[in-house]
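The values are calculated or read from the model by the stated rules, or taken from the named source; none is laboratory data. Values in this document were obtained by computation on a predicted structure and should not be read as measured data. For neighbour counting, all protein chains shown are included, and Cβ atoms are generated from backbone atoms with ideal geometry for every residue, glycine included.
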Amino acid sequence: MIDINSIIRALKFSSYNILLFMMILFISCEKRENVAEVETLQILEITDVSAKAEGNISSAGTNRIIEKGFCWSKDPNPVKDDGFVSSSDIANRFFGLISGLSPDTWYYVRAYAQGETDISYGNEVSFKTLAAGENPQIIADHTVVEKYDDIPQNYINKVKEQWLVYAGESHSAAIRRGLILLEELNSVYQVNVIESGTPEGYTSSYLRASRATWGNYENSSGWIYSYGEEDWYTNSTALARTKAGITYCNTHGLEIGAIGYGWCWDPHIDTPGEFTLYTNATDQYVSYCREMGYSTKVFYTTGTVDMYFEGVGYAKHLGYEMIREHVRKDPSRILFDYADILCYDEGSEVPNTTTWEGHEYPIITPTNLGTTGIGHIGTTGAIRLAKAMWWMLARMEGWDGESK
């Protein structure tokens, strides 16, 4: 890069030198305009020896791109010489399969765009490959919704032994109502939803689901059927009481199979710091259950996409992207991608989107929004969430997600 300040100090400002300076400045600016701008979006389909990377050309510049792809290394800031795969995708958004990796190993990836005279690198994304023989990471997003019907009966039976806690406010109601609606469509997926009182103890007859927790930020004990950010992640008291509630359940005949946080649409939750608080708190719950020897699976979640005040919807989208990236960095982490599930219709491979100040981002489809009568969404959206939830719970029980 040309150091303009050094040039200014070196030149005496005669009319000739001023002209020379302006020419150098023009060439420097023109060169920067020529450089393509490339983004490394995410790492998908992580296995023990491979992963699929996604990138995007946000600006091609004026220098013709002759090749694009991904470079990777076990060390930060990889360049093309470290190892690369080119992409044949024509569109600005492109993918590449990174193969020949070592199991249980951290890797760093950057997308690149090769011009005729230079090369541009995107931001760095890191991920960890699975251990040898480990099943693929559990991420319940729009791609798994229609796979729920592939769950083998023996894993459906295992799910029926679980107690699912989706602790949250109004939007978590869509999960619970969706599970009931799915059973009405197909009696194989039996569920019993408890909305008050003491949760039901063990049974193998149906999946038990509720948002019940033992205590919350304001109460050290008692069954609570409302949970917000102040209860899950915003302060040390919340963390301590959520952990204590998990312990109470698991030591009083109410073992929790899976627990996650159901976001509400709070316009003030819209900064990277707040979403980092969420991931840090959820990390602690995952570690706590592991340290205590509980079989409880704590899963990460994204939030709502059915309301969008000016600018807030985009900020929340960026927060959800932070959560997704955080989850993908460790294949043992589990994600229920509530937002992504609702931004697609059945059979669609393209999300519904809107824009704000030139930023395009996904929002709920009109079909999934429906009449907004079920936790602020419609019947179709609620059923989509329920299908993905059964898929995720079956994966937690050991199903590989593929075999029937």
Worksheet item: If you scan the range 369-404, which residues turn out to be out of contact with any Leu (no Cβ under 8 Å at 6 or more places or on another chain), within 19 Å of Val188 (Cβ to Cβ) and assigned to a helix (DSSP H, G or I)?
Response: Ala388, Trp391, Met392, Ala394, Arg395, Met396
Item to complete: Tell me which of these Asn352 doesn't satisfy, since it passes every other one: (1) polar (S, T, N, Q); (2) at pLDDT below 95; (3) crowded, with 16+ Cβ neighbours inside 10 Å.
Response: (2)
Practice prompt. Quick one: which strands (runs of 3 or more DSSP E) lie wholly within the range 42-106 and hold at least 1 residues that are in contact (Cβ under 8 Å) with a residue 12 or more places away in the chain and either hydroxyl-bearing (Ser, Thr, Tyr) or farther than 26 Å from Asp141 by Cα (or both)?
Written response: 51-59, 65-73, 84-86
Fill in: Total residues in the range 144-168, condition out of contact with any Phe, Trp or Tyr (no Cβ under 7 Å at 6 or more places or on another chain) and within 22 Å of Ile224 (Cβ to Cβ)
5
Item to complete: Quick one: which residue in Thr365, Thr304 is more than 30 Å from Ser50 (Cβ to Cβ) and without any contact (Cβ under 8 Å) to a residue 24 or more places away in the chain?
Response: Thr365
Item to complete: Residue by residue through the range 253-271, note down the ones that are assigned to a loop (DSSP other than H, G, I, E, B), touching a Phe, Trp or Tyr at 6+ places or on another chain (Cβ under 8 Å) and at pLDDT 90 or above.
Response: Gly253, Leu254, Glu255, Ile256, Gly257, Trp263
Worksheet item: Which condition number in (1) closer than 22 Å to Asp266 by Cβ; (2) free of Cβ contacts under 8 Å to residues at least 40 places away in the same chain is the one that Glu349 fails?
Response: (1)
Worksheet item: Looking only at the range 316-346, which residues are in contact (Cβ under 8 Å) with a residue 40 or more places away in the chain, of a type in the set (A, V, I, L, M) and not in a loop (DSSP other than H, G, I, E, B)?
Response: Leu318, Met322, Ile323, Val327, Leu335, Ile341, Leu342
Worksheet item: Can you name the condition, by its number, that Leu335 falls short on among (1) farther than 22 Å from Tyr314 by Cβ; (2) modelled with pLDDT of 95 or more; (3) under 18 Å from the mean Cα position of the chain (by Cα)?
Response: (1)
Worksheet, complete the sentence: With criteria (1) within 30 Å of Lys128 (Cβ to Cβ); (2) in contact with a Ser or Thr (Cβ under 6 Å, 6 or more places away or on another chain), Ile363 comes up short on (1)
Discussion item. Taking the conditions exactly as written (surrounded by fewer than 23 Cβ atoms within 10 Å (Cβ to Cβ), touching a residue at least 24 places away in the same chain (Cβ under 8 Å), more than 18 Å from Thr296 (Cα to Cα) and among the small types (Gly, Ala, Ser)), does Ser187 satisfy them or not?
Written reply: no
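Results for (1) in a loop (DSSP other than H, G, I, E, B); (2) under 30 Å from Ser187 (Cα atoms); (3) not charged (D, E, K, R), shown as yes or no for each residue.
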{"site": "Ala113", "(1), (2), (3)": "no, no, yes"}
{"site": "Thr117", "(1), (2), (3)": "yes, no, yes"}
{"site": "Gly122", "(1), (2), (3)": "no, no, yes"}
{"site": "Ser126", "(1), (2), (3)": "no, no, yes"}
{"site": "Ala132", "(1), (2), (3)": "yes, no, yes"}
{"site": "Asn135", "(1), (2), (3)": "yes, yes, yes"}
{"site": "Lys147", "(1), (2), (3)": "no, yes, no"}
{"site": "Tyr155", "(1), (2), (3)": "no, yes, yes"}
Fill in: Any chance Val109 is buried (at least 21 other Cβ atoms within 10 Å of the Cβ), in the same structural domain as Met322 (by TED's automatic domain parsing) and at pLDDT 95 or above
no
